[in-house]
Amino acid sequence: MKLLARFTISAPLELTWFHDDTQWRVTLWPDARFEQETPKGWSAAVAGEDVLTSGAIKLDAAAWRRYLEFMPAEERAFLARFRFGRLGALQAILHCPSLLQTLSDTPALTAFVTGHAGLRGIPISRWEEIEAIHERSGVFGLLEWLGLPSSRQTLAILRNVADPDVPRCLLEPLRTVLWEPEAIFRLQRLDGITDVQLASVCHALAA
């Protein structure tokens with residue numbers, strides 16, 4: 001019992017990982033933020049896709065279990081729906097708290113939000129812009145900003161995606177085919193859309 005107690009106390013409660021020899025961390029709730037270590041100490045930073053990927057690979061279930069224990073139930077339940085994309089989902093709701101309910105209602109939209117820099121072809125993330133657009137125009141404004149059809153059909157399809165961890169390689173093809181009536185028809189007929197089915201529809205319409 002004494003050994004277990006010492007281990008529990010010494011285990012880090014923050015999320016910590018290395019990317020390209022730089023240490024990153026997410027501090028504890030309620031003052032949670034992404035930080036990277038610099039020669040002058042820890043500094044707030046926005047984690048890019050490569051940093052998030054490194055964290056997804058290196059953070060294990062035990063690290064996440066310790067971290068989530070300090071979060072409110074709503075945020076904890078939202079993050080629990082993700083596996084590989086959990087760190088990106090956390091960054092999204094930290095930078096844009098108003099997105100929590102929207103992304104909880106449509107979890108697959110989270111992958112588009114976290115990958116918005118690549119999808120829009122911009123060098124850095126625009127979290128303040130996302131927050132402002134969402135607060136002003138809601139989910140349909142967000143869809144339009146992401147380049148997705150701003151429609152109830154889009155939301156219905158995304159809500160029917162079985163795994164909210166939509167692979168990064170499918171984001172751009174899926175965004176493209178959602179503008180095609182044939183793709184919408186195919187996807188609306190599916191129940192619990194899998195990654196394989198998404199890839200199949202994207203490939204069929206691209207051929």
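Our coupling estimate for the stretch 43-53, obtained by passing each phi through the Karplus curve with A = 6.51, B = -1.76, C = 1.60 and θ = phi - 60°, is 9, 4, 7, 9, 7, x, 4, 5, 5, 5, 5 Hz, Gly and Pro reported as x.
Summing -39500 (n - 2.57) over the DSSP H runs of n ≥ 4 in the chain and dividing by its residue number, what mean residue ellipticity at 222 nm do you reach, to the nearest 500 deg cm²/dmol? Don't skip to the answer; put the middle values down first.
Details: 13 runs with 119 residues, N = 207.
When only DSSP H runs of four or more count, the value is -16500 deg cm²/dmol.
Just rank K58, K40, fewest to most, by other beta-carbon atoms within 10 angstrom. It would help to have the intermediate numbers written out before the result.
Working: K58 15, K40 6.
Ranking K58, K40 by Cβ neighbours within 10 Å, fewest first, gives K40, K58.
Peptide packing for 156-162, 181-187 was compared via the average number of neighbouring C-beta atoms within 10 Å per residue; ordered from the highest value, the list is 156-162, 181-187. Overall, the anisotropy analysis places the stretch 94-137 in the oblate class: the square-rooted eigenvalues a ≥ b ≥ c of its C-alpha gyration tensor yield a/c not less than 1.5, with a/b not exceeding b/c. For the stretch 73-145, applying the loop criterion from DSSP together with a ceiling of 12 other beta carbons within 10 Å to the trypsin sites (Lys or Arg not before Pro) yields R83. Rounded, prolate or oblate: which one fits the stretch 161-206, using the alpha carbon gyration tensor with axes a ≥ b ≥ c (rounded when a/c is under 1.5, else prolate when a/b beats b/c, else oblate)? Cα axes put the stretch 161-206 in the oblate bin.
What shape does the stretch 8-71 have by the C-alpha gyration tensor, where a ≥ b ≥ c are the square roots of the eigenvalues, rounded means a/c under 1.5, and otherwise prolate means a/b greater than b/c and oblate the rest? Provide the component values of the computation, followed by the final result.
On the way: a/c = 1.65, a/b = 1.33, b/c = 1.24.
It is prolate, given that a/c is not under 1.5 and a/b is the larger ratio.
Take every DSSP beta bridge whose two residues both sit in the chain; close to 90 percent of them are antiparallel.
Karplus-derived 3J(HN,Hα) values for the stretch 31-42, using 6.51 cos²θ - 1.76 cosθ + 1.60 with θ = phi - 60°, are 9, 5, 7, 7, 9, 10, 7, 10, x, 9, x, 7 Hz; glycine and proline are entered as x.
Around the amide H of V161, modelled in the peptide plane, lie the amide H atoms of I193, all under 5 Å away and 5 or more residues distant in sequence or on another chain.
Every read-out reported here was derived from the displayed coordinates using simple, explicitly stated rules and does not represent laboratory data. Source: prediction; values computed, not measured. Because the Cβ atoms are built from the backbone with ideal geometry, glycine has one as well, and the counts that use them run over all protein chains shown.
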